[in-house]
Amino acid sequence: MRFIIEMIVGLICGIFLGITGIPPTGLVILALDYFKIDDYTRILGTVIFINLFPISIGSAVDFYKAQKINYIMGIILFLSIVLGGFLGSKLVLNKNYKLSKKTIKYLTFILALLSSIGFLISAQYEKN
């Protein structure tokens, strides 16, 4: 049953990625935690692991064909995200100062809420 849940979550999140361009890691974490698939920090590690691989290659090919990729911006963002990810993982795994699971979930909520509000405002001012 666990395998089926993981496959369904992955498929739904992959579709979400292809449509929005937003990595579905938050949805993956939420779904796997909801179904109690594994320990929360292990779920975080697993999601970080899947981001090592080009999970968006299916969508990227179409954007490449349409010449809708800014490579310089992509490289800058990639390198910045690698550094930020390294620093962020220190806050979760540091033995002396470790964020609690509750704090991590609150931070995730705040980020998702702010992102949602930003997209809502952006959509309101979008001209078709």
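Computed from the coordinates by the stated procedures, all read-outs in this text should not be read as laboratory data. Only a predicted model underlies this, so the values are computations on that prediction, with no experimental measurement involved. Neighbour counts run over all protein chains shown; Cβ positions are idealised from the backbone, glycine included.
A few notes on this one:
- Just one of the numbered conditions (1) part of a helix (DSSP H, G or I); (2) under 18 Å from Gly21 (Cβ atoms); (3) more than 16 Å from the chain's Cα centre (by Cα) is not true of Glu126: (1).
- The range 82-118, residues that are surrounded by 13 or more Cβ atoms within 10 Å (Cβ to Cβ) and in a helix (DSSP H, G or I): Gly88, Ser89, Leu91, Val92, Lys101, Ile104, Lys105, Leu107, Thr108, Ala112
- Restricted to the range 17-36, and to residues there that are surrounded by fewer than 17 Cβ atoms within 10 Å (Cβ to Cβ) and β-branched (Val, Ile, Thr), the residue that is farthest from Asn94 (Cα to Cα) is Ile19.
- Check on Leu77, surrounded by 11 or more Cβ atoms within 10 Å (Cβ to Cβ) and farther than 24 Å from Lys105 by Cβ: yes
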